[in-house]
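A quick write-up on the structure given underneath.
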Amino acid sequence: MTLRWLSAALGLLILGAVTTSAQQTPPQQAAPKPANIDRNGVLMLIRSTLLALDQANKTGNYTVLRDLGAPGFQVNNAARLAEIFAKQRGDKLDLSGVTVIDPQLSLLPQIEPNGLLHMAGFFPSVPSQVNFELLFAPVEGQWRVFGVSLSVGQSAPVAPAAPESPQGKAVVSQKQAAPPKPGVPSKQPTQ
């Protein structure tokens with residue numbers, strides 16, 4: 001899987017500098033394989049990464065987020081990360097709900113051919129849900145953040161707006177008397 005596909009498919013993808021080996025496509029593209037990680041490990045990775053991003057957005061200080069990352073992510077200095085997340089910071093996106101809401105995974109944790117741990121999903125919250133895609137690189141026996149993609153979307157289907165009546169005129173429904181049934185004489189008042 002090339003990293004170009006990820007950035008084209010996602011609205012906001014933050015990837016550290018991509019090493020030469022991560023950009024090269026092997027002659028025979030190997031398929032991703034399921035990651036050997038339990039549910040608690042997945043929850044810790046997701047929550048700790050998104051909470052670090054939340055705290056960075058709230059404080060404007062991205063040094064801890066940068067320092068928690070893999071070497072390929074750390075090529076982004078704190079100022080560059082602040083630029084990348086400026087819109088979320090400006091929108092005052094609050095990610096603290098990730099501490100109490102369980103994520104729903106749309107892509108189960110898998111090891112990509114380049115060795116990165118890849119997972120995606122969302123936090124089903126109201127009125128908006130937080131969608132995420134994360135990449136982690138193995139560093140000294142630990143998974144460290146390599147890429148973060150985050151977006152906010154609708155959590156439930158939204159009905160289209162009702163069409164406006166033409167020229168602002170109200171539509172009035174008139175009830176008409178039902179015609180008499182065939183073969184049944186209509187009642188006429190007798191005099």
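The values are calculated or read from the model by the stated rules, or taken from the named source; none is laboratory data. Everything numeric in this text was worked out from a predicted model, so none of it was measured. Using ideal geometry, Cβ is built from the backbone for each residue, glycine included, and neighbour counts are taken over all protein chains shown. Ligands, DNA and RNA are excluded from the accessible area calculation, which covers all protein heavy atoms including side chains. Shrake-Rupley method; radii C 1.70, N 1.55, O 1.52, S 1.80 Å.
Considering the stretch 44-62 alone, what residues qualify as being farther than 17 Å from Phe132 by Cα and surrounded by 14 or more Cβ atoms within 10 Å (Cβ to Cβ)? Lys58, Asn61, Tyr62, listed by residue number. The test for being open to solvent by 30 Å² or more (accessible area, probe 1.4 Å), of a type in the set (Lys, Arg) and over 21 Å from the mean Cα position of the chain (by Cα) holds for Arg80.
Every listed requirement among (1) at pLDDT 90 or above; (2) open to solvent by less than 40 Å² (accessible area, probe 1.4 Å) is met by Leu13 save one, (1). Look at (1) closer than 16 Å to Gly147 by Cβ; (2) surrounded by fewer than 19 Cβ atoms within 10 Å (Cβ to Cβ) and you find that Asp91 fails only one, number (1).
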